[in-house]
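The values are calculated or read from the model by the stated rules, or taken from the named source; none is laboratory data. The structure displayed is predicted, hence computed values, not measured ones. Methodologically, a virtual Cβ is constructed for each residue, glycine included, from the backbone with ideal geometry; neighbour enumeration extends over all protein chains shown.
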Amino acid sequence: MHHRIGAAAAIIFSAASAMAEPFVHPGALHTQTDFDRMKIKVAQSVSPWIDGWNILVNNPHASLNWTLHPLEFIYRGKDGIHPENYNVLYHDIAAAYALAVRWKVSGDDAYADKSIALLDAWSSTLIGIGGSSDRFLASGIYGYQFANAAEIMRSYKKWPERNVNRFKAMMLDVFYSMNHDFLVRHNGAKIDHYWANWDLANMDSMIAIGILTDRRDIYSEALNYFKHGDGNGAIEHAVWKIYPEGLGQVQESGRDQGHNTLIASLLGAFCQMAWSQNDDLFSYADNRVLKGIEYIAKYNLGNEVPYTKYVNSDVTQDKIASEGRGNSRPAWELFYNHYVVLKGLSAPYTKMFAEKLRPEGGGGNYGPNSGGFDQLGYGTLTYTLN
């Protein structure tokens with residue numbers, strides 16, 4: 001028996017379904033289930049969690065003595081006017097995140113207070129990001145990392161709601177506005193000009209900010225770009241060539257391996273944040289992400305991989321780049337635990353890379369420059385499953 005829905009009721013019904021279910025919180029790189037697991041394992045001093053914990057607590061960014069340096073304007077890339085100062089931001093974000101995780105696992109509110117002191121200092125100070133086109137790397141990488149620190153801290157009862165809202169406003173005004181602009185306009189360049197990591201960084205920031213601010217429209221914008229975007233960060237452009245043996249050639253393979261491995265860390269963060277919200281992008285398009293990261297891992301562990309000449313508007317790359325080969329980024333525990341431990345899939349090179357780097361450190365454990373802070377890290381502590 002059929003009932004015709006009245007026009008008004010239909011509008012209400014469609015509006016309700018458009019609102020979708022509420023977001024999971026905390027629900028970016030880690031959920032409360034993840035923190036519960038970490039807390040138990042660290043309390044029991046079980047390896048490898050305790051080994052990851054020890055790296056965290058020994059990192060100066062996780063210390064109550066960390067000094068904060070909020071600035072009004074951050075510059076990344078030489079614009080001929082302002083000196084670059086973005087290192088100040090990535091150090092303070094690494095601290096806000098490390099302190100947040102330390103609070104969740106230890107239960108000691110002193111670390112929570114220190115983390116929110118950092119978040120509040122920046123949200124009351126930062127006005128904008130400038131520099132060369134590299135400013136869009138800053139809006140992406142530091143945007144997603146900052147949002148993740150705040151997403152952990154949102155459950156802290158002593159963080160005043162007005163300050164939480166001020167932080168969210170900063171993320172929308174300073175970071176999301178740039179993320180959106182870059183993915184729409186690409187700084188006025190041809191659609192294939194910017195390497196995949198530029199798109200992926202801004203996609204990571206976009207999805208993280210969508211979760212933090214409960215903006216389903218922003219979250220959906222990020223997911224849609226991953227699946228159907230025009231730029232190199234969309235998954236079928238980032239992992240653009242699939243080989244019969246199950247490997248996928250990654251867009252920056254002919255550039256250098258430092259940037260190629262950055263694709264792995266940015267893809268991992270994106271898929272993990274979606275996973276926390278019950279969207280499985282790890283398996284999207286027949287596990288396309290896995291094919292790409294296995295390719296990156298296999299080559300960077302010293303093995304040969306197939307390579308097809310890569311051509312875009314700017315470059316022709318006839319062979320795979322050996323520069324930076326073996327680059328170690330703390331990006332592999334996340335993938336290993338998802339694909340191998342949780343899903344029981346074969347990912348031999350990802351597994352080997354995770355084992356090689358275990359326990360994974362965080363910001364500052366992989367060199368003093370920006371590359372060492374491109375990932376939040378500590379994956380052995382945060383992603384190892386039972």
query: Looking only at segment 361-374, which residues are out of contact with any strand residue (DSSP E or B) (no Cβ under 8 Å at 6 or more places or on another chain) and in a loop (DSSP other than H, G, I, E, B)?
result: G364, P368, N369, D374
task: Consider K78 carefully, then state whether it is surrounded by fewer than 16 Cβ atoms within 10 Å (Cβ to Cβ) and farther than 16 Å from G143 by Cβ.
output: yes
- prompt: Residues of segment 202-218 being surrounded by fewer than 24 Cβ atoms within 10 Å (Cβ to Cβ) and at negative phi, which ones?
  reply: T213, R215, R216, D217, I218
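Residue by residue, here is whether (1) in contact (Cβ under 8 Å) with a residue 40 or more places away in the chain; (2) within 18 Å of the chain's Cα centre (by Cα); (3) farther than 27 Å from T382 by Cα holds:
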| site | (1), (2), (3) |
| --- | --- |
| A138 | yes, yes, no |
| A147 | yes, yes, no |
| A150 | yes, yes, no |
| K157 | no, no, no |
| M171 | yes, yes, no |
| L183 | yes, yes, yes |
| L212 | yes, yes, no |
message: All but one of (1) closer than 23 Å to K41 by Cβ; (2) in contact (Cβ under 8 Å) with a residue 12 or more places away in the chain hold for G143; state the number of the condition that does not hold.
response: (1)
task: Report, by residue number, each residue of segment 232-250 that is among the polar types (S, T, N, Q) and in contact with a strand residue (DSSP E or B) (Cβ under 6 Å, 6 or more places away or on another chain).
output: Q249
- request: Please state which one of G143, G128 is buried (at least 24 other Cβ atoms within 10 Å of the Cβ), under 22 Å from I207 (Cα atoms) and in contact with a helix residue (DSSP H, G or I) (Cβ under 7 Å, 6 or more places away or on another chain).
  value: G143
message: Being surrounded by 23 or more Cβ atoms within 10 Å (Cβ to Cβ) and of a type in the set (A, V, I, L, M) is the filter here; which residues of segment 106-125 pass it?
response: A112, I116, L118, L119
- request: Of the numbered conditions (1) touching a residue at least 40 places away in the same chain (Cβ under 8 Å); (2) assigned to a helix (DSSP H, G or I), P330 fails exactly one; give the number of that condition.
  value: (2)
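Within segment 90-120, count every residue that is basic (K, R) and either within 18 Å of the chain's Cα centre (by Cα) or within 30 Å of G131 (Cα to Cα) (or both). Explain how you work it out, then say what you get.
Taking segment 90-120 and keeping what is basic (K, R), we get 102, 104, 114.
Imposing the further condition that a residue be either within 18 Å of the chain's Cα centre (by Cα) or within 30 Å of G131 (Cα to Cα) (or both) reduces the set to 114.
Going through segment 90-120 one residue at a time, the tally reaches 1.
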- request: Given the conditions (1) at pLDDT below 95; (2) within 15 Å of L266 (Cα to Cα), report the number of the one that F335 does not fulfil.
  value: (1)
- prompt: Quick one: which of D286, D280, D230, D314 is surrounded by fewer than 24 Cβ atoms within 10 Å (Cβ to Cβ), on the phi < 0 side of the Ramachandran plot and either touching a residue at least 40 places away in the same chain (Cβ under 8 Å) or not in a loop (DSSP other than H, G, I, E, B) (or both)?
  reply: D314
- prompt: Can you tell which of Y299, Y307 is surrounded by 20 or more Cβ atoms within 10 Å (Cβ to Cβ), over 18 Å from the mean Cα position of the chain (by Cα) and modelled with pLDDT of 95 or more?
  reply: Y299
statement: With the first residue restricted to segment 69-89 and required to be closer than 9 Å to G130 by Cα, and the second required to be of a type in the set (A, V, I, L, M, F, W, C) and in a strand (DSSP E or B), Cβ contacts under 6 Å at 6 or more apart or on different chains are I74/I129
task: Please work out which residue is farthest from S313 (Cα to Cα), limiting yourself to segment 173-227 and to residues that are of a type in the set (K, R) and in a helix (DSSP H, G or I).
output: R216
- prompt: Among the residues of segment 211-225, which ones are within 19 Å of I235 (Cβ to Cβ) and polar (S, T, N, Q)?
  reply: S220, N224
field: Flag if I50 is part of a helix (DSSP H, G or I), more than 30 Å from D181 (Cα to Cα) and not assigned by TED's automatic domain parsing to the domain that holds L334
entry: yes
field: Criterion violated by N197 - all others in (1) in contact with a Ser or Thr (Cβ under 8 Å, 6 or more places away or on another chain); (2) buried (at least 21 other Cβ atoms within 10 Å of the Cβ) satisfied
entry: (1)
